[in-house]
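For reference, the structure discussed in these notes is given below.
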Amino acid sequence: MKVGVIGAGAVGSACLLSIVVRGSAREIVVLNRTRKRAKAVATDMQYGAALSTVVDIHDGDYSDLAGAALVMITSGVNEKTGGATDRNDPSGRLRLLDTNVAAYNDILPQLFRAVPDAVILVLTDPPDPLADLVRKFGFKRVLSSGTFLDSLRFRFHLARHLNVDPASVEAQVVGEHGTSEVLLWSSARVAGVPIFDALTQNHLDYEKLRQTIEHEVRYANITIIEGNQASQFGIGMAAARVAEMVLRDERAVVPIGSFNPKYGVTLSLPSVVGREGVVQIMEPEMSEEERQGLARSADALRKALARVGDQHLAA
């Protein structure tokens with residue numbers, strides 16, 4: 001099946017590479033503000049794609065997206081360029097919203113004319129309010145990358161401290177993909193063993209480790225950017241996995257962002273993902289502290305969305 005990727009920068013290129021290596025799609029169309037760059041990135045990957053499953057990867061324009069089941073949007077400024085790398089700034093990625101709304105204002109009219117019924121996966125930061133703007137523009141199947149990657153980071157850090165395979169760890173992050181995100185410690189498990197018990201059995205200090213991991217997960221993007229200018233490879237691999245869920249109608253359950261009527265905004269909760277995007281949202285059991293955290297996260301997203309309003313959207 002056909003996938004479109006808008007933006008051939010760091011994140012877009014990482015998404016392309018992951019899709020090719022994983023064999024997630026049969027055809028990939030690459031778009032960029034500068035067509036020359038899209039062509040260069042596509043050409044570079046064409047040469048190595050012969051080592052993967054058969055895939056047709058090429059540059060194109062919006063009209064070339066016709067028939068795509070899924071389109072990823074990666075265009076816009078990142079945290080480094082947009083000045084969102086201060087760990088003491090509670091707005092975090094939301095600082096980028098106004099600038100990236102302007103970029104989406106150029107993209108959405110052309111995208112809607114080409115593929116109004118495609119599933120749209122928003123990867124540009126901040127992905128949750130941008131996904132709301134895509135939905136308000138008229139797209140019906142809209143996903144935010146949300147806390148899927150944050151949850152993988154949570155699992156990784158727990159596994160590292162317990163010296164186990166991350167695949168054996170069940171742990172989720174919900175809410176905003178940003179500083180207000182909520183790590184669900186109350187439901188975290190290792191092969192069915194509650195995380196508190198698993199840490200205790202390994203003679204680890206639960207409260208101390210919780211603070212350490214919360215910091216590592218919440219600010220992982222900044223730590224990466226400080227050494228590599230852009231957080232790209234993890235989200236690229238996560239995006240390729242989401243593409244597979246959609247293209248294969250897997251109905252896999254992962255924490256991912258979609259519009260939630262209960263909270264009035266796009267945020268992440270465990271969700272069933274298939275050909276139509278998110279087809280069901282599941283709200284897990286949470287401690288009172290976690291539930292209050294989720295409410296605060298939703299409030300932060302509502303305020304951010306209200307700040308930009310509808311005036312930025314093109315007709």
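Residue by residue, here is whether (1) surrounded by fewer than 21 Cβ atoms within 10 Å (Cβ to Cβ); (2) of a type in the set (Ser, Thr, Tyr); (3) part of a helix (DSSP H, G or I); (4) outside the structural domain of GLU181 (by TED's automatic domain parsing) holds:
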position: LEU16; (1), (2), (3), (4): no, no, yes, yes
position: ALA38; (1), (2), (3), (4): no, no, yes, yes
position: ASP44; (1), (2), (3), (4): yes, no, yes, yes
position: TYR47; (1), (2), (3), (4): yes, yes, yes, yes
position: ILE57; (1), (2), (3), (4): no, no, no, yes
position: LYS80; (1), (2), (3), (4): yes, no, yes, yes
position: ASN100; (1), (2), (3), (4): no, no, yes, yes
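Which one of these is out of contact with any His (no Cβ under 8 Å at 6 or more places or on another chain) and within 18 Å of ALA243 (Cβ to Cβ): ALA50, ALA14? Walk me through it before giving the result.
Details: ALA50 fails: within 18 Å of ALA243 (Cβ to Cβ).
Going through ALA50, ALA14 in turn, the sole match is ALA14.
Please verify whether ILE120 is outside any loop (DSSP other than H, G, I, E, B), modelled with pLDDT of 95 or more and touching a Lys or Arg at 6+ places or on another chain (Cβ under 8 Å), treating the condition exactly as stated.
Details: outside any loop (DSSP other than H, G, I, E, B): yes; modelled with pLDDT of 95 or more: yes; touching a Lys or Arg at 6+ places or on another chain (Cβ under 8 Å): yes.
Here the answer is yes, as ILE120 does meet what is asked.
To keep it simple, each residue is scored yes or no on (1) of a type in the set (Gly, Ala, Ser); (2) farther than 19 Å from VAL173 by Cα.
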residue	(1), (2)
ALA102	yes, yes
ASN105	no, yes
LEU108	no, yes
ARG113	no, yes
ASP117	no, yes
ILE120	no, yes
PRO129	no, no
GLY138	yes, yes
VAL142	no, yes
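Pairs under 6 Å by beta carbon, first residue part of a loop (DSSP other than H, G, I, E, B) in region 182-203, partner among the polar types (S, T, N, Q) and crowded, with 21+ Cβ neighbours inside 10 Å, six or more apart or different chains?
Listed by first residue and then by second, the contacts come to LEU184/GLN172.
Can you list residue pairs whose Cβ atoms sit under 7 Å apart, with the first residue in region 92-118 being in contact (Cβ under 8 Å) with a residue 12 or more places away in the chain and the second being in a loop (DSSP other than H, G, I, E, B) and polar (S, T, N, Q)? Count only pairs 6 or more apart in sequence or on different chains.
Partner pairs satisfying both residue conditions: GLY92/THR179; ASN100/THR124; ALA103/SER75; ILE107/SER75.
Of all residues in region 186-205, which are surrounded by 14 or more Cβ atoms within 10 Å (Cβ to Cβ) and in contact with a Ser or Thr (Cβ under 8 Å, 6 or more places away or on another chain)?
The answer is SER186, VAL190.
What's the total number of residues in region 16-59 that are in contact (Cβ under 8 Å) with a residue 40 or more places away in the chain and of a type in the set (Gly, Ala, Ser)?
Total satisfying the criteria: 3.
Just one of the numbered conditions (1) closer than 26 Å to PRO126 by Cβ; (2) surrounded by fewer than 16 Cβ atoms within 10 Å (Cβ to Cβ); (3) touching an Asp or Glu at 6+ places or on another chain (Cβ under 9 Å) is not true of HIS215; which one?
Among (1) closer than 26 Å to PRO126 by Cβ; (2) surrounded by fewer than 16 Cβ atoms within 10 Å (Cβ to Cβ); (3) touching an Asp or Glu at 6+ places or on another chain (Cβ under 9 Å), HIS215 violates only (3).
Limited to region 18-36, what total is found for residues that are among the basic types (Lys, Arg), within 12 Å of ALA243 (Cβ to Cβ) and outside any helix (DSSP H, G or I)?
1
The values are calculated or read from the model by the stated rules, or taken from the named source; none is laboratory data. Everything quoted here is computed from the prediction, not taken from an experiment. Ideal geometry is used to build each Cβ from the backbone, glycine not excepted, and the neighbour counts take in all protein chains shown.
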